[in-house]
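Student: Here you go, one structure.
The values are calculated or read from the model by the stated rules, or taken from the named source; none is laboratory data. No experiment lies behind these values; they were computed from the predicted model shown. Heads up, the Cβs are rebuilt from the backbone with ideal geometry, glycines too, and the neighbour counts pull from every protein chain shown.
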Amino acid sequence: MSDKARKYLAIFSLSIAGGSIYLIPFLKYVFYDYQIEAMGITNQQSGLLLTMYGIGCMLLYVPGGIVADKFSPKKCLLYSLISTTILTLIYGFTNNYTVALVIWLLLAITTAFVFWSALMKTLRMIGDENDQGRIFGIYYAGNGITGAVGNGIALWAAGLASDAKGSLFNVVLVYAICTGVAAIMVALFLKDDKNENVETSKEDKFKMEDVVQLLKNPIVWIFSLVIFCGYSVYSSTSYFTPYLTNVVGISPEQSGVYSIIRTYLFMLLAPVGGYLADKVFKSTSKWFMVAFSVLALLFIGVINVPADVNPTFISILTLLPGAFGLALYGVLFSIITEAKIPVSVTATAVGIASIIGYSPDLFMSAMFGSWLDKYGNGGYTYIFTFLMGVGLVGATASYLIRRRCRNLDKVVSD
C-alpha cells in the first residue's frame, strides 16, 4: 500500500472513530423520546446524564492530554474505542438509570480523557505543516458523515422493534457496532507515532517541565480563545431554527430543512475551509481572521434586516453564518501547528484549549435561554449581537497568533 493511500485510510479511520464514539453520550440529541420512555425517567433525569458527562470531561481534558503525550496515540485511541464499546453494551443490556449515571461518568473517561487529545495529535502528525488545514477539513467532513450515517442506521433499527425498550436496545447495539468497527479500522490503518512523519528525538520527547512552560506560553491561551470563539459560533447557529419560525414566520417544517442543511450538508464545507487555509491564504490564522470578520458582518446583517424583507431571503441569509462557521470549525485545531506548539506537548495543549474552548457548553445555552425568556423574540438581537462580538474577538485572537508567529519566524531567520 502506498504512503498516500495509507495516509487517507488513517484519516478515514479517525473520522469514523471521532464520528462514532460520541454517538452514545449524546444519544438524547436524536433519540430523546425513546430514552425517556424506555428507561421510565424524567426530563430532568435525562439532563443529569449529560451533566455528569460534561463535568467529567472538563475535569479530564488536561490530565488526559498529559497522558496522551506520554503514550502512543494509537494505543490511547484503541483503549478509548474498545472501552466505549463495552460501556455501550452494558448500558444496552441493563437499561437501569443508576447504572446509566455511572456509565455516563465513565464515558467521560473513555471519550474525553485521552481520546480527544490523542485524536487531535494524531491528525497533526499525519501530515506536514503545509496540509494541516486540508487534513483537519477532510477529518471533520468524514466525522459529520459518520454521525449522520450512524444515526440513520440506528433510526432504521429503532423502527424494527415493537416498543420503546426494544427500539432503544437496537439503537445502542448499532452504536456499539460503530465504535467496534472504528477500533478495528484504527488498529489496521493507523501507525504508531514512532513511525509517523514527525520524528521524536530525545529533545522532542514529552517532559513534565514542558507542561509548565506550556502554561506560561501566551500563544496557548490565545489559541484556546480562538477555539472558544470558533466553537461558540458553530454551536450557536442552531438558534437560527427557532428564529426562523418565531421571528421570520416560516413553518417548522421549512425551518427544519434549513436546520438539516446547516447541521449536516455544511459538514462538507470543512475540506473547503482546509483548502482555503492551506492553498489560498497559505495560513490558517489568516483564513481565521477573514472568516471571523465575515461572521461578525453576517450577524450584523441578520440583526439589521428590515421586517418587510422576503422570508426566503432572510432564511438563506441565516445559512451563511452556518456555512462560514463550519468551514472555520472544521479546521480549528489545525492552527496548533502554525502556533509553533511543540509536537511533544500537542495533546496537553489540546487538553488546555478544550477546557476553555468548549466552556460555552457550560453557560451559553442557559444565558441565551434567559435572554429569550426575558425579552421574547427581542432576545435574538442580544444573541446575535453577542455572537458578532465573538466573531470580532476571534478575528483579533487570530491576528495575534499570526503576528506572534511571524515574529518567531523572523527571530529564527536572524
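Student: Identify, from the list 349, 323, the residue that is of a type in the set (Gly, Ala, Ser), in contact (Cβ under 8 Å) with a residue 40 or more places away in the chain and over 24 Å from residue 269 (Cβ atoms). Steps first, answer last, please.
Tutor: Details: 323 fails: over 24 Å from residue 269 (Cβ atoms).
Step by step, each of 349, 323 is checked, and only 349 is of a type in the set (Gly, Ala, Ser), in contact (Cβ under 8 Å) with a residue 40 or more places away in the chain and over 24 Å from residue 269 (Cβ atoms).
Student: Out of region 96-128, which residues are buried (at least 21 other Cβ atoms within 10 Å of the Cβ) and β-branched (Val, Ile, Thr)?
Tutor: 103, 110, 111, 114, 122, 126
Student: Just to be sure, is residue 271 in contact with a Gly (Cβ under 7 Å, 6 or more places away or on another chain) and of a type outside the set (Gly, Ala, Ser)?
Tutor: Details: in contact with a Gly (Cβ under 7 Å, 6 or more places away or on another chain): yes; of a type outside the set (Gly, Ala, Ser): yes.
Yes, satisfied.
Student: Scan region 275-287 and report the pairs whose first residue is farther than 18 Å from residue 139 by Cα and whose second residue is among the small types (Gly, Ala, Ser) and not in a helix (DSSP H, G or I), with Cβ atoms within less than 9 Å and a gap of 6+ or a chain change.
Tutor: Within 9 Å, the pairs are 285/339.
Student: Inside region 12-30, can you point out the residues that are part of a helix (DSSP H, G or I) and surrounded by 23 or more Cβ atoms within 10 Å (Cβ to Cβ)?
Tutor: 13, 14, 15, 16, 17, 18, 19, 20, 21
Student: Would you pick out the residues in region 329-342 that are under 15 Å from residue 217 (Cα atoms) and among the β-branched types (Val, Ile, Thr)?
Tutor: 336, 337, 341
Student: Pick from region 303-322 the residues that are within 15 Å of residue 237 (Cα to Cα) and surrounded by fewer than 20 Cβ atoms within 10 Å (Cβ to Cβ): which of them is farthest from the chain's Cα centre (by Cα)? Steps first, please.
Tutor: If we filter region 303-322 for residues that are within 15 Å of residue 237 (Cα to Cα), which is where we start, we get 303, 314-322.
Still in the running and surrounded by fewer than 20 Cβ atoms within 10 Å (Cβ to Cβ): 303, 315-317, 319-320.
Values: 303: 27, 315: 25, 316: 24, 317: 24, 319: 19, 320: 19 Å.
Residue satisfying both the conditions and the ranking: 303.
Student: Could you tell me whether residue 188 is crowded, with 16+ Cβ neighbours inside 10 Å and touching a residue at least 24 places away in the same chain (Cβ under 8 Å)?
Tutor: Spelling it out, it is not the case that residue 188 is crowded, with 16+ Cβ neighbours inside 10 Å and touching a residue at least 24 places away in the same chain (Cβ under 8 Å).
Student: So if I check each of 312, 318, 263, which one is modelled with pLDDT under 90, out of contact with any strand residue (DSSP E or B) (no Cβ under 6 Å at 6 or more places or on another chain) and hydroxyl-bearing (Ser, Thr, Tyr)?
Tutor: 263
Student: Further question on the same structure: Return the residue satisfying two criteria in turn: it lies in region 221-257 and is within 19 Å of residue 292 (Cβ to Cβ) and β-branched (Val, Ile, Thr), and of such residues it is surrounded by the fewest Cβ atoms within 10 Å (Cβ to Cβ).
Tutor: Out of the qualifying residues, it is 222.
Student: From the set of residues in region 68-95 that are modelled with pLDDT of 90 or more and aliphatic (A, V, I, L, M), which is surrounded by the fewest Cβ atoms within 10 Å (Cβ to Cβ)?
Tutor: The extreme case among them is 86.
Student: So which helices (runs of 4 or more DSSP H) stay within region 210-301 end to end and still have 2 or more residues that are closer than 28 Å to residue 15 by Cα and of a type in the set (Val, Ile, Thr)?
Tutor: Answer list for region 210-301: 218-236, 252-263.
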